[in-house]
Structures are given as C-alpha cells and as structure tokens.
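Please read the structure below before turning to the comments.
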Amino acid sequence: MKVFYSDRFVLPLPEGHRFPMEKYSMLRERVAATSICGPDEMRVPRAVTDEEILYAHNPKYLKKVVTGALTDKEVRRIGFPWSKMMVERSRRASGGTLEACRAALEEGLAANLAGGTHHAFADRGEGFCVLNDSAIAARALRVEGLVNKVVVLDTDVHQGNGTASILRKDPHVFTFSIHGGKNFPFNKEESDLDIALPDGADDGVFLEALTEALEQTLDRARWELAIFLAGADPFERDRLGRLSVTKEGLGERDRLVLSSCRERGIPVTITMAGGYAKEVVDTVDIHFQTIERAEMLLQSERVPKKTDTHNPTFDGLQRNRRHP
Ligand SMILES: [Zn+2]
C-alpha cells in the first residue's frame, strides 16, 4: 500500500507545547518496520502549489501564511508559532493527502501519515490546522478531471468545521462529520451530515451512530473517492476528546468505514487528523491500527475470488450454463 509521510518537515515548537509532534515520526517508524509498504511505496509527498491551495483558500490568507504576515491573534488561533517550516510542513501534509488520493484512485486504498487538518477555513486557520488538505485535494482532483463526486468521512472527535465551511456550497463534495457535541469547536459549522455525540459516548453508541450514518451517506450518490479522517481522539484516554471509545472500538470504526467504502467500490484515502492521548504511544497505536486494517482489507481484495476463471469449479459451472 502506498503511504505518504512528511515528518521530516518538523516545525519548531516551544518546550512543553501540547501538540504531540513526535507522533508522526513514531507512526512512520511503526509502518516502516512492517511489510505493509513494498519498496518505494513509502514516499515523501511534494508540496502543494499556491494554485492548488487557492482551490480551498483565499489569496489574502495564502499571502499572509506564506509571508509570515499573520497577526498575533491569527497565529494564536492556529496554535503554532509561524515559521517557514510551518508553511513547508503544511504544504507537504496537504501534498500527502493529494498524492494519497491519486494512489487510492489507482489502487483502491492509500494513506497519508499526516493531514486531516479540518479546522482550516478559506480565510483562517485554527486548532493546529493551517491548510485544509481534504478541501484542497478534493478540488484539485476535480479540476484535473479525475473525480466528480467526493465524500469526506470525518471521524475525528472534533467537528470538521473548516471543511464544512469551505465545501458548504460545493455540490461535488459531501461532508460528513461524527464528533463530540461538546468538543471544540464550540460554534459548529453545518456539514452535509453532522452527528454530535454526547459526552462519554462508548463503543456501542459511537459505532451504532456511525453504521447508520455511513449507510445514509454512502448510498446517496455514486462516490468516486472517499477521504477518511481517522482521528485518534475519540479514544477514552484522549486529553482533548470527551468520548469514551476504546482502541478496539476505533479498530472496528476503521473496519466499518473502510469495508463500507470498498464494498461499494469507492477508493479510500486515509488521513490521520488529531490524537492527544495522555500517552503518545496510544495515539500512535490507534493510527497504526488504521493503516494495518487498510492493508488487511487490500490483501483480502487481492485473494482470487470464486469467480476467478482459473477456478475449475467455476469453469464447470460456466460450461454448464452455456450448455444446459
Ligand atoms: Zn481532533
């Protein structure tokens, strides 16, 4: 499976900053230690261009981000100090989603070991998000004529407010978000479908709501691509999330989202989104589990099916059908 990583673009953070930047390199190392990716399947993505960013963001905001002209207030809202590396990292992380989308269209499934920066709006960033990778990728692929209908499946504990806002009037992209109703952002935007869960929602509540919403969402059109935000923060021991989903529950979420898409022939791009567990290794476990599930599903799809013409039983059946 093709996997894109951008953890070498580390943005300098002050000591004690609450963003777990180390999760990205830890995750990449976990994936690299397995046989999930063949030779040359783990790649550093290219940076998205200004032109691609402008599919989702306005020129004034892009200029401020690139030149470091954001106000103190705008910088505080993002939550990262501005640096050239912050800009490069944001471009690469969005590039990872865009390239993973291209790979998914060719191979069914692919992943970006970053991205899911769903709190970035057309004209501002917030909540550790500078550029909205899902919106950039969906729009860029459409401009290139590769897809016409995209669905964003956002299962991070925080509502995908930036994504909902940017794509609100876009008939080609459907936005779905399942999140903690009382979690940040406190003023929610309107996605095409929102499911707000109560505090403490456990595996049962989370998975039941997700199952129903996925059916509603995936059956409403012939989606040509799904972008899955596999946030690790619905986890019960997350510092920022207010839900109580276990690691097993999140594994079941991954299976449910991935297989529901694949059963309908929809290619899926996985992005990581948030994860702030008390122990960073828990966040890495949850993200790694998503990649593992995807690989398992790809493997199962590669197993020759009963309809394989080399299957003698099937040949016999076909002959019988032709000559009853
Ligand atoms: Zn989150």
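I'd like to know if region 145-159 contains one or more residues that are of a type in the set (Ser, Thr, Tyr), outside any loop (DSSP other than H, G, I, E, B) and out of contact with any Phe, Trp or Tyr (no Cβ under 6 Å at 6 or more places or on another chain). Break it down stepwise before answering.
So the first thing to find is which residues in region 145-159 are of a type in the set (Ser, Thr, Tyr), and the list is 155.
Now narrow it down to the ones that are outside any loop (DSSP other than H, G, I, E, B): none.
No, region 145-159 contains no residue that is of a type in the set (Ser, Thr, Tyr), outside any loop (DSSP other than H, G, I, E, B) and out of contact with any Phe, Trp or Tyr (no Cβ under 6 Å at 6 or more places or on another chain).
Kindly evaluate Leu250 against the criterion of being away from the ligand (no atom under 16 Å from the Cβ) and either part of a helix (DSSP H, G or I) or over 19 Å from the mean Cα position of the chain (by Cα) (or both). It would help to see each step written out before you state the result.
On the way: away from the ligand (no atom under 16 Å from the Cβ): no; either part of a helix (DSSP H, G or I) or over 19 Å from the mean Cα position of the chain (by Cα) (or both): yes.
Here the answer is no, as Leu250 does not meet what is asked.
Restricting attention to region 1-46, and to residues there that are of a type in the set (A, V, I, L, M, F, W, C) and under 18 Å from Ile78 (Cβ atoms), which single residue is most open to solvent (accessible area, probe 1.4 Å)?
So the first thing to find is which residues in region 1-46 are of a type in the set (A, V, I, L, M, F, W, C), and the list is 1, 3-4, 9-11, 13, 19, 21, 26-27, 31-33, 36-37, 42, 44.
Checking the rest, the ones that are also under 18 Å from Ile78 (Cβ atoms) come to 9-11, 13, 19, 21.
Working: Phe9: 27, Val10: 81, Leu11: 6, Leu13: 49, Phe19: 22, Met21: 28 Å².
Among them, the one singled out is Val10.
For the structure I just gave you, tell me whether Ser83 is open to solvent by 10 Å² or more (accessible area, probe 1.4 Å) and within 23 Å of Val44 (Cα to Cα). Working first, answer last.
Working: open to solvent by 10 Å² or more (accessible area, probe 1.4 Å): yes; within 23 Å of Val44 (Cα to Cα): yes.
So Ser83 passes the test.
May I ask you to say which residue of Arg92, Arg102 is within 21 Å of Val150 (Cα to Cα), open to solvent by 20 Å² or more (accessible area, probe 1.4 Å), touching a residue at least 40 places away in the same chain (Cβ under 8 Å) and more than 16 Å from the ligand (Cβ to nearest atom)? Break it down stepwise before answering.
Numbers: Arg92 fails: within 21 Å of Val150 (Cα to Cα).
The conditions single out Arg102.
Output yes when any residue across region 311-320 is assigned to a helix (DSSP H, G or I), open to solvent by 50 Å² or more (accessible area, probe 1.4 Å), at pLDDT below 90 and of a type in the set (A, V, I, L, M, F, W, C), and no when none is.
For region 311-320, residues assigned to a helix (DSSP H, G or I), open to solvent by 50 Å² or more (accessible area, probe 1.4 Å), at pLDDT below 90 and of a type in the set (A, V, I, L, M, F, W, C): present.
Taking the options Asp203, Asp192, name whichever one is closer than 25 Å to Asn58 by Cα, among the acidic types (Asp, Glu) and away from the ligand (no atom under 16 Å from the Cβ).
Asp192
Is one or more of the residues making up region 100-107 at pLDDT 95 or above and in a loop (DSSP other than H, G, I, E, B)?
no
Please go through region 75-91 and pick out each residue that is part of a helix (DSSP H, G or I) and in contact with a strand residue (DSSP E or B) (Cβ under 9 Å, 6 or more places away or on another chain). Walk me through it before giving the result.
Taking region 75-91 as the starting set, the residues that turn out to be part of a helix (DSSP H, G or I) are 75-78, 84-91.
Across region 75-91, the qualifying residues are Arg77, Ile78, Ser90.
For region 196-247, give me each residue that is part of a strand (DSSP E or B), within 16 Å of Gln159 (Cα to Cα) and open to solvent by 40 Å² or more (accessible area, probe 1.4 Å). Break it down into steps so the answer makes sense when it comes.
Step one: of region 196-247, the residues part of a strand (DSSP E or B) are 196-197, 202, 225-229, 235, 238, 244-245.
Next, only the ones that are within 16 Å of Gln159 (Cα to Cα) stay: 196-197, 227-229, 235, 238.
Passing the criteria: only Ala196.
Residue-wise test of (1) surrounded by fewer than 24 Cβ atoms within 10 Å (Cβ to Cβ); (2) within 16 Å of the ligand (Cβ to nearest atom); (3) without any contact (Cβ under 8 Å) to a residue 24 or more places away in the chain.
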residue: Lys73; (1), (2), (3): yes, no, yes
residue: Glu107; (1), (2), (3): yes, no, no
residue: Asn112; (1), (2), (3): no, yes, no
residue: Phe128; (1), (2), (3): yes, yes, no
residue: Pro185; (1), (2), (3): yes, yes, no
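Please work out if Gly275 is of a type outside the set (S, T, N, Q) and within 16 Å of the ligand (Cβ to nearest atom). Working first, answer last.
Working: of a type outside the set (S, T, N, Q): yes; within 16 Å of the ligand (Cβ to nearest atom): yes.
Here the answer is yes, as Gly275 does meet what is asked.
The values are calculated or read from the model by the stated rules, or taken from the named source; none is laboratory data. Keep in mind that this is a model prediction, so the values were computed, not measured. We place every Cβ from the backbone using ideal geometry, glycine too, and count neighbours over all the protein chains shown. The protein model used for the area step is the full one, side chains on, heavy atoms only, and it has no ligands, DNA or RNA in it. Shrake-Rupley method; radii C 1.70, N 1.55, O 1.52, S 1.80 Å.
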